[in-house]
Amino acid sequence: MSKIVVKGGNKLHGEVNISTAKNSVLPIIAACILSEDKCVIEKVPMLEDVFVISDILRSISADINIDKDTNKVIIDTSNIKDCNPCSELVKKMRASFLIMGPMIARFGKFRLCLPGGCNIGTRPIDLHLKGLSALGAEVNVGHGYVEASAKKLIGDKIYLDFPSVGATENIMMASVMAEGETIIENAAEEPEIRDLAKFLNSMGANIIGAGSGTIRILGVKSLKGSTHRPIFDRIESGTFMVAAAITRSKIKINGANEEYLKPIIAKLTEVGVHISSQGSSLIVDGRDELRPVDIKTMPYPGFPTDMQSQMTGLLCTVMGTSIITETIFENRFMHVAEMKRMGANIKIDGRSAVIEGVKKLTGAEVKATDLRAGASLILCGLVAEGETEIADIYHVDRGYVDIEKKLKALGADIERVNE
Ligand code: EPZ
């Protein structure tokens, strides 16, 4: 197990390069199940979650070659035999469920163990299963497993009660070879949905409207292999933007164009951070007086829930009262108790955190409870007086490539310590 140790107080300077989006790469790797031809995914971030979903596909005889030098992943699913992937691996990561759609589309069946609950909420899959049933699959949940089978999938109109990212992705992948047209209404609009549709269309699918609330999929006979370079990670970008703001520094973020960052840029600008774009880079300047703000997490294009804990950390250092309301997940304030150990003044009131800025945070021994919470504690450590130790850093490694190396290159006093 490793931890990260940060000595607070350093200003940041220089440039950081943003990796490719984890939440694009995971559904795209799952989508490779849809074709018997080889697929090549480029610039893949070498993340734990990428290794887990690759091992899940390997557990059903897919051949996956991850080249850590070129960051290319070559995926050949022609030899997939059974549709019952390894439960231990599936339980490790909720995104494992992204293989349901491709499996039912190509093989007409799957059997998956249900996800373990995750730290930020119960993470149900009812909307995923509602969509698969609407396409004609027979779905059974019991004894800790979900099984589905379908002789034929027939397109249908599906209205999502909530614009679930995963459910939108699963239904899109399940319907690409269904008979007729499928319409997903109240679909998630996250950029990663548009990126997945771009990959599927490059394989021969016929998808229109991805990235909007209504997606139309016209079923095709089969899909062919393709090569794809997924989009940049907008949440990693936002995390480094907050790193500049919380340390009152100015840095350059490469590979992060503002197209997908508008809600984050808008909110940080409201706080008083100056953000300008230079081609595919952003200049982020947090050196002016920062102001308290109110934030409500919403589905895209609202403020992303994956940036909530990072903003909570920043607003702990901004004098005045800020209120953050988390509307997406029911338990995504676990970082608050850890931040209070560092001297933060936060009160939880239902789905909201009421933050009173403090003059300084103090270093402490804290624990990452989930991916983004861990990242937010590192950000707090950058500015806390003294030394902060963040344990259980494996959570952070699921979604950030070499976060301590990137921060160290920007001037932070930060080390990874293997216990
Ligand atoms: C994706 O998770 C992301 N993960 C999450 O990122 C992100 O926080 C989330 O979307 C919201 O943007 C990946 O893309 C791999 P949802 P997902 O289905 O698809 C409820 C990170 O830090 N819901 O949009 O699981 C659910 O309970 C991770 O990178 C149902 O009720 O999110 C939640 O309250 C964390 N029934 C809300 O919808 C369902 O069938 C949002 O979930 C599905 C979801």
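Condition check: in contact (Cβ under 8 Å) with a residue 40 or more places away in the chain, surrounded by fewer than 15 Cβ atoms within 10 Å (Cβ to Cβ) and more than 13 Å from the ligand (Cβ to nearest atom). Does LYS157 satisfy that?
Working: in contact (Cβ under 8 Å) with a residue 40 or more places away in the chain: no; surrounded by fewer than 15 Cβ atoms within 10 Å (Cβ to Cβ): yes; more than 13 Å from the ligand (Cβ to nearest atom): yes.
The answer is no for LYS157.
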Among the residues of the stretch 189-210, are any away from the ligand (no atom under 16 Å from the Cβ) and of a type in the set (Phe, Trp, Tyr)? no
Checked the stretch 4-38 for anything in a strand (DSSP E or B) and within 22 Å of the chain's Cα centre (by Cα); matches are ILE4, VAL16, ASN17, THR20
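Evaluate the following for GLY343: is it outside the structural domain of ILE120 (by the TED database) and on the phi > 0 side of the Ramachandran plot?
Against the criterion (outside the structural domain of ILE120 (by the TED database) and on the phi > 0 side of the Ramachandran plot), GLY343 qualifies.
Does ILE324 satisfy being assigned to a strand (DSSP E or B) and closer than 25 Å to ILE18 by Cβ?
Taking the combined requirement at face value, the residue satisfies it.
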What pairs can you find where one residue is in the stretch 130-146 and open to solvent by 50 Å² or more (accessible area, probe 1.4 Å), the other is within 15 Å of the ligand (Cβ to nearest atom), and their Cβ atoms are less than 6 Å apart, with a gap of 6+ or different chains? SER133/VAL139
Among the listed residues LYS43, LYS38, which satisfies the condition of being crowded, with 16+ Cβ neighbours inside 10 Å and closer than 27 Å to ARG234 by Cβ? LYS43
Could you say whether any residue in the stretch 298-316 is more than 18 Å from the chain's Cα centre (by Cα) and free of Cβ contacts under 8 Å to residues at least 12 places away in the same chain? no
Subset tally (residues that are more than 16 Å from the ligand (Cβ to nearest atom) and of a type outside the set (Val, Ile, Thr)) for the stretch 324-347: 10
Starting from the stretch 324-335, take each residue that is acidic (Asp, Glu) and list its partners that are at pLDDT 95 or above and within 8 Å of the ligand (Cβ to nearest atom), counting only C-beta distances under 9 angstrom and pairs at least six apart or across chains. GLU326/THR305
Residue check: is GLU48 touching a residue at least 40 places away in the same chain (Cβ under 8 Å), touching a strand residue (DSSP E or B) at 6+ places or on another chain (Cβ under 9 Å), within 19 Å of PRO85 (Cβ to Cβ) and open to solvent by 10 Å² or more (accessible area, probe 1.4 Å)? no
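Among the strands (runs of 3 or more DSSP E) confined wholly to the stretch 242-309, which include 3 or more residues that are loosely packed, with under 15 Cβ neighbours inside 10 Å and hydroxyl-bearing (Ser, Thr, Tyr)?
By residue number, no strands (runs of 3 or more DSSP E) qualify.
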Here are some conditions: (1) free of Cβ contacts under 8 Å to residues at least 24 places away in the same chain; (2) touching a Pro at 6+ places or on another chain (Cβ under 7 Å). ASN201 meets all but one. Which one does it not meet? (2)
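The values are calculated or read from the model by the stated rules, or taken from the named source; none is laboratory data. A quick note: this is a predicted structure, and the numbers were derived from the prediction, not measured. Cβ coordinates were reconstructed from backbone atoms using ideal geometry, including for glycine residues, and neighbour counts include every protein chain displayed. When the accessible area is computed, the model is the full protein with side chains, heavy atoms only, and any ligands, DNA or RNA have been set aside. Shrake-Rupley method; radii C 1.70, N 1.55, O 1.52, S 1.80 Å.
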